[in-house]
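Undergrad: What follows is a single structure, and I will ask about it in a moment.
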Amino acid sequence: MPNHPNSTTRFSDRVADYIRYRPQYPLEMIEQLEQIVGLTPVFTIADIGSGTGLSAQRFVEAGNLVYGVEPNYEMREASRTFFQGNRNFKAIDGTAEQTTLVTKSIDLIFCGQAYHWFDFEQTKLEFDRILKPNGTIVLAWNERCTTDPLQQEYEQMMRDLIPEYHKVTQKNIDTANITAFLAPRAVEIVSLTNQQIFNLEELKGRLLSSSYAPKEGDERYVEVMQALEQIFEKYQEDGTVVFRYDTKLYIG
């Protein structure tokens, strides 16, 4: 069953924050895929759950043709704007379970910050259908760095103050689940460093880009923002903080 029945609409009112405050994927990601799976510009990519286009960006820059499959209308339109005039990106109205893509047409499937929303059994069948023989699947997350003190306090704040966070965090997906999904392919895990620099308003925007964050007017909004301000003041230097990630790639 799908993890979250409303997953295709839950980001509709957060598109602007998502575009402004979510991290890009590191440039090194393309280099790693070139080395591990032989990625070249002739690969056709299916970016499943492509959102506003951030997850497709590195592949488009590398010269790949990317089909961005995204069920959320607002995010799909944002991706069209993001890549306006670029013929290497094509926005597709579809889901992980029903991509609408041609059978055996895809060299590499990429899922950035999206896999935890899928119906795993149906998606596995669909991925097998659209992938060429010996095609590759890459599941990727920009995970907040667990060894970073700011991120540790940020994580604890969300666990203490945002009940919805427990239900939707990708941490509910473990390596065993991913390995089973990618089977019979062997799985290689790559970890890359990534970061963003935020002032206070940008840090608030980063939180508000998350589907579980309380919106202005919600009863917990003021409490959460005050807690976030305290974290910022503790770690800021010259008015900014470093928001560190480990970019994890699960390559099958």
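Undergrad: With respect to the numbered conditions (1) out of contact with any Phe, Trp or Tyr (no Cβ under 6 Å at 6 or more places or on another chain); (2) part of a helix (DSSP H, G or I), which one is the sole condition not fulfilled by K215?
TA: The single condition K215 does not satisfy is (2).
Undergrad: Filter region 41-75 for residues that are in a helix (DSSP H, G or I) and not hydrophobic (A, V, I, L, M, F, W, C); which is surrounded by the most Cβ atoms within 10 Å (Cβ to Cβ)?
TA: It comes out as S55.
Undergrad: Starting from residues that are closer than 20 Å to E188 by Cα and more than 21 Å from the chain's Cα centre (by Cα), keep the ones in region 95-134 and report whichever is surrounded by the fewest Cβ atoms within 10 Å (Cβ to Cβ).
TA: Selected residue: P133.
Undergrad: Here are the criteria: (1) surrounded by 13 or more Cβ atoms within 10 Å (Cβ to Cβ); (2) under 17 Å from A114 (Cα atoms). Tell me which single one T175 does not satisfy.
TA: Single failed check for T175: (1).
Undergrad: Take the conditions charged (D, E, K, R), modelled with pLDDT of 95 or more and in a strand (DSSP E or B) and apply them to K104. Does it pass?
TA: Taking the combined requirement at face value, the residue does not satisfy it.
Undergrad: Only residues in region 189-207 that are in contact (Cβ under 8 Å) with a residue 12 or more places away in the chain and among the acidic types (D, E) count as the first member; pair them with residues that are surrounded by fewer than 18 Cβ atoms within 10 Å (Cβ to Cβ) and not in a strand (DSSP E or B), Cβ under 9 angstrom, at least 6 apart or cross-chain, and list the lot.
TA: Correct list of pairs: E202/R20.
Undergrad: Go through region 130-156 and count every residue that is within 29 Å of A227 (Cα to Cα) and either touching a Pro at 6+ places or on another chain (Cβ under 9 Å) or not in a strand (DSSP E or B) (or both).
TA: 13
Undergrad: Then there is this: Looking at region 229-252, which of its residues are open to solvent by less than 60 Å² (accessible area, probe 1.4 Å), of a type in the set (F, W, Y) and in a helix (DSSP H, G or I)?
TA: F232, the sole residue that qualifies.
Undergrad: Return the pair list, or none, for Cβ contacts closer than 9 Å from residues in region 106-121 that are within 21 Å of A176 (Cβ to Cβ) and among the acidic types (D, E) to residues that are in a loop (DSSP other than H, G, I, E, B) and open to solvent by less than 30 Å² (accessible area, probe 1.4 Å), at least 6 apart or on different chains.
TA: Qualifying pairs under 9 Å: D119/A96.
The values are calculated or read from the model by the stated rules, or taken from the named source; none is laboratory data. All of these numbers come straight from a predicted model, not from anything done at the bench. Using ideal geometry, Cβ is built from the backbone for each residue, glycine included, and neighbour counts are taken over all protein chains shown. Surface accessibility is based on the protein's heavy atoms, side chains included, excluding ligands, DNA and RNA. Shrake-Rupley method; radii C 1.70, N 1.55, O 1.52, S 1.80 Å.
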